[in-house]
Amino acid sequence: MKDDAPHTDQADSNRRLQTLAFELTVAAARERQRIAHALHDDLGQLLAMAQFKLSELISRLARDAAEPDPLEEVRLLLCQAAQATRAATFELYSPVLQQLGLLPAVEGLAQQLQRDSRMRVHLTARVDDLPLSDAVLSVLFRIVRELALNAQKHAKASNLWISLEQDKQDLRIALADDGVGFDADAALRRFSPQGGFGLLSAEAQMQAIGGRLCIESVPGGGTIATLHLGFDVAASLPPSAKSIPTMSHPTSHL
């Protein structure tokens, strides 16, 4: 029995560390949701009202169309600010994820990526109702989004393939691109905006929810990122941190 004590202590310590890591990850997700809520309900609504009032004023003060109207310039600036606010809101938080689930959220992400760039996104999925909490789904989607944006912005990929596969035991999500690739081992060893900080963060978040992230890449050879999460491990996460409050107004009025 004495020989088993160190192993038991180590196992307990590992469980406590995983619980703490998961709760920190969920706390970060809740903070992003709170900021998105403030952007949407406060700044977003003020911008929408300012646009409405300014449009009314422009209509009343309509002048010769040949003259440049400074009020119209202000209105266009407000439109740009509203668009930036909307983009920031959905970067922080995905109402689609909470309302409809992981697959519709990834489908929306794929459509957004194709609208915003020349990269083609090929999505295949074999998933049903995933037995995962909102908090775990939020972490998974954020990592998928980060990896997809890396393919768009840094890898200069022409194509991105995303697959979601589910069986009775686990969920596997793979993202593969035909971009420039990089030295994955070196990137994971250094902290820099162009280096491995984002990858290390994604890897740590996957570990916090009991999953794994595998990155395969070489310079000039594209990149394959695979997320793997067992349902039994996810089910054992602390119940106090399994949910994220819903956004009171999930749809945008901007």
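The values are calculated or read from the model by the stated rules, or taken from the named source; none is laboratory data. Computed from a prediction, not measured in an experiment: that's the story for all the values here. Note that each Cβ is placed from the backbone with ideal geometry, even for glycine, and that neighbours are counted across all protein chains shown.
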| request: State the number of residues belonging to the stretch 215-236 that are under 17 Å from residue 160 (Cβ atoms) and not small (Gly, Ala, Ser). | output: 6
| field | the stretch 204-223 residues that are in a loop (DSSP other than H, G, I, E, B), paired with ones that are surrounded by fewer than 19 Cβ atoms within 10 Å (Cβ to Cβ) and among the hydrophobic types (A, V, I, L, M, F, W, C) (beta carbon under 6 Å, 6 or more apart) | value | 210/233
| said: Would you confirm, using the coordinates I've provided, whether residue 139 is crowded, with 18+ Cβ neighbours inside 10 Å and more than 26 Å from residue 233 (Cα to Cα)? | reply: no
| field | Filter result for residue 108 (at pLDDT 65 or above, in the same structural domain as residue 160 (by TED's automatic domain parsing) and at positive phi) | value | no
| task | Looking at (1) out of contact with any His (no Cβ under 8 Å at 6 or more places or on another chain); (2) at pLDDT below 85; (3) of a type in the set (S, T, N, Q), find the lone condition where residue 89 falls short. | result | (1)
